[in-house]
Each structure stands twice: as structure tokens, then as C-alpha cells.
Amino acid sequence: GFLRPGRDGEAAGQSGEDVTRNGYRFTRLSAFEWMEKYGVGIYHSAVMVRGIEYTFEAMGGVHVSKPHSAPGCVVVDQVLVGHTNYAPDEIEDIVDALLPLFTPATYNKLTRNCHHFSDELCRRLTAQSIPPWVNRAATVGNAIGLRDRRKDAPAGHDGAAPRPRPRRPPPPPP
């Protein structure tokens, strides 16, 4: 497979259960694959530990699923982030503690997405972060001032301050 250590093999040789960040490409966004050769891609992330995958989505918030089963996605990579010795019930408690922080209402494509959730869960389980390249598209988008247009926001509202409408020049005199 394509499982590889997170950074220079730092996770290799540790004991405990593997904590893996699974990366997915959205099949409906195949038109954006060209960006990957420039080090930017639009991906989905989930964390797999003890045969269970945890993820965060806009519509459903945090949820649990069978590994490699993200609908509308294909697995493109797996990164071994680290190892954990937490028991299954302790992992559930850690995920439960994240539920109020990662709700559908808090989802933002740029500032609070599946990668942010995956990073937070990995840090709590292993004290290691996911690789920074995973969320590069959102980081760049946020840095250049892009906004997440929320489906539930009024038409034309993206959470930013209202922009003045361009004015048409007055018609020429007759």
C-alpha cells in the first residue's frame, strides 16, 4: 500500500495502536486534480484508529464509519501519524469531547474543516499533528482572503463585511 510515516519515520518503532490519517480525493472535484502538481489539492481527511474511522463534515458534524468508506471519495493516501495506547472507550471519550467544538454550525471550509478535526484528534491521541500540506488549499485560501459561502446564509452573504455595489456611470447627455 501507500502507508507511510508522517515525518521522517518518527512514528516507526513506537508501541500501541496505529493512528492513521486517511486522505481522500473528492470524485466530483476531479477538475481540480491539476492543482496537485503544484502542491495544493482539495482533499477530505479522516482519522483511523482501532479499525474505526472518524471524520468531520459540514452536514453531519463528527461521525464514525468503516475505514475507506467516505461517500463520493477515493483514498489517495494514508499517513501514519503516530501510535496510541488509549482503550476504545477512552478514544470514544476523546471524540466525545470534540463534539461541541466540531458541529455542523461551526464547519467552515477554510478555518474549521475535516483537516482541522483530524489534526486535533491526532494531537489528542498521539501528541503529533497531521502533515501541514494536508490543509494547504484552505490555508492558502484563507491567507488570500477567500471566504466560505455558507449554504444557510442569505444569498450573496459570505460572512464578510458587505461590499459596496459597483455603480454604473451616469448615461451620457442626450
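Here's the yes/no breakdown for (1) modelled with pLDDT of 95 or more; (2) hydroxyl-bearing (S, T, Y); (3) assigned to a loop (DSSP other than H, G, I, E, B); (4) exposed (fewer than 12 other Cβ atoms within 10 Å of the Cβ):
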{"position": "V19", "(1), (2), (3), (4)": "yes, no, no, no"}
{"position": "R28", "(1), (2), (3), (4)": "no, no, no, yes"}
{"position": "F32", "(1), (2), (3), (4)": "no, no, no, no"}
{"position": "E36", "(1), (2), (3), (4)": "no, no, no, no"}
{"position": "E53", "(1), (2), (3), (4)": "yes, no, no, no"}
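If V49 satisfies all but one of (1) open to solvent by 10 Å² or more (accessible area, probe 1.4 Å); (2) closer than 17 Å to T20 by Cα, what's the number of the condition it fails?
So the condition that V49 fails would be (1).
Matching residues to (1) in contact with a strand residue (DSSP E or B) (Cβ under 6 Å, 6 or more places away or on another chain); (2) free of Cβ contacts under 8 Å to residues at least 12 places away in the same chain:
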| residue | (1), (2) |
| --- | --- |
| D96 | no, yes |
| L101 | no, no |
| A105 | no, yes |
| F117 | yes, no |
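Tally time: how many residues in the range 55-85 are of a type in the set (G, A, S), over 17 Å from the mean Cα position of the chain (by Cα) and either at pLDDT below 95 or over 23 Å from F102 (Cα atoms) (or both)?
Selection size over the range 55-85: 0.
The values are calculated or read from the model by the stated rules, or taken from the named source; none is laboratory data. Keep in mind that what you see is a predicted model, and the values were worked out from it rather than measured. Every residue, glycine among them, receives a Cβ derived from its backbone with ideal geometry; neighbour counts consider all protein chains shown. Heavy atoms of the whole protein, side chains included, go into the accessibility calculation; ligands, DNA and RNA do not. Shrake-Rupley method; radii C 1.70, N 1.55, O 1.52, S 1.80 Å.
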